[in-house]
Amino acid sequence: MINIVLYRPEKPLNTGNIMRTSMASNSKLHIIGPLTFTIDDKGLKRAGLDYLKDVSYNYYESYEEFIKTNKNPEIFYITRYGKKPHSSIDFNDVDRDYFIMFGRESSGIPLDILKKDLDNCYRIPMRGDARSLNLSNCVAVVVYEALRQQDYNELASSEVIKGEDFLMNS
């Protein structure tokens, strides 16, 4: 299972978009607080649309609580300081739990966390003069790379809601 881990996100719209991505990709979301907004924020709800009711997520008061609750999981950190591309993570085992952590919009993942596990620090390649991408875009890029490697395990490959032949019949 793909586990999206947000370290103290700051923007409710990003978090709402990530909740939507989590639901659509059948990933589990872990949110590490404290937050600068509430989970019932209007912006979060607007970005998450009607998907929020179907999102599987856990909230943790601290990084330490997240680590303890999840029994010291192996974490892949997505950071501008990583030296390997995110696509070099081997996500092929569909029976494994993959925890992928993304940092705060303003400051990323704390350096003391990253320094403890430099081998698991990865980056999304981009121009050298670009500081970062939008957080919700980063999550989508990495999650869908993981799903691509898993051949989109258990996800619909055709239109389900309107029907597979919707285009032909309209």
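Could you state the per residue volume, in Å³, of the convex hull enclosing the Cα atoms of segment 5-106? Can you show the working numbers first?
Details: hull volume 11.4 nm³, N = 102.
So the per-residue Cα hull volume is 112 Å³.
I need the trypsin sites (Lys or Arg not before Pro) found in segment 105-160, filtered to DSSP loop residues with at most 11 other beta carbons within 10 Å of theirs. Numbers along the way, then the final one.
Values: sites: Lys115, Lys116, Arg123, Arg127, Arg131, Arg148; in loops: Lys116, Arg127, Arg131.
In loop regions of segment 105-160 (DSSP not H, G, I, E or B), the sparsely surrounded trypsin sites (Lys or Arg not before Pro) are Lys116, Arg127, Arg131.
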**Item:** Where only alpha carbons of segment 77-170 are counted, the Rg and the Dmax (Å)
**Value:** 16.9, 57
**Fill in**
Toy charge model, Lys and Arg Cβ at +1, Asp and Glu Cβ at -1: segment 2-149 dipole around Cα centroid in debye, rounded to 20, equals 440
**Message:** Output the 0 to 90 degree angle, nearest 10, between the alpha-carbon long axis of helix 135-149 and the longest principal axis computed from the alpha carbons of the chain.
**Reply:** 70
**Request:** Mind pulling the per residue volume of the convex hull built on the Cα atoms of the chain? Å³ is fine.
**Result:** 139
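So if each residue of separation counts as 0.36 nm, and I subtract the Cα-Cα distance between Asn70 and Lys116, what length gain in nm does that give?
Details: separation 46, 0.36 × 46 = 16.56 nm, distance 1.75 nm.
Stretched fully, the Asn70-Lys116 segment lengthens by 14.8 nm.
Of Lys28/Lys84; Lys11/Lys53; Lys42/Lys83; Lys53/Lys162; Lys68/Lys116, which sit over 26 Å apart, Cα to Cα? The partial results should precede the final answer.
Values: Lys28/Lys84 24 Å; Lys11/Lys53 19 Å; Lys42/Lys83 37 Å; Lys53/Lys162 21 Å; Lys68/Lys116 16 Å.
Long pairs (Cα-Cα over 26 Å): Lys42/Lys83.
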**Message:** How tilted is helix 12-24 with respect to the longest principal axis of the chain? Cα atoms for both, answer in degrees (0 to 90, nearest 10).
**Reply:** 60
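Any read-out appearing in this document is the output of simple, stated calculations on the displayed coordinates, not a laboratory observation. In this text, all values refer to a predicted model and were calculated from it rather than measured experimentally. Positions of Cβ are backbone-derived with ideal geometry, glycine not excepted, and every protein chain shown enters the neighbour counts.
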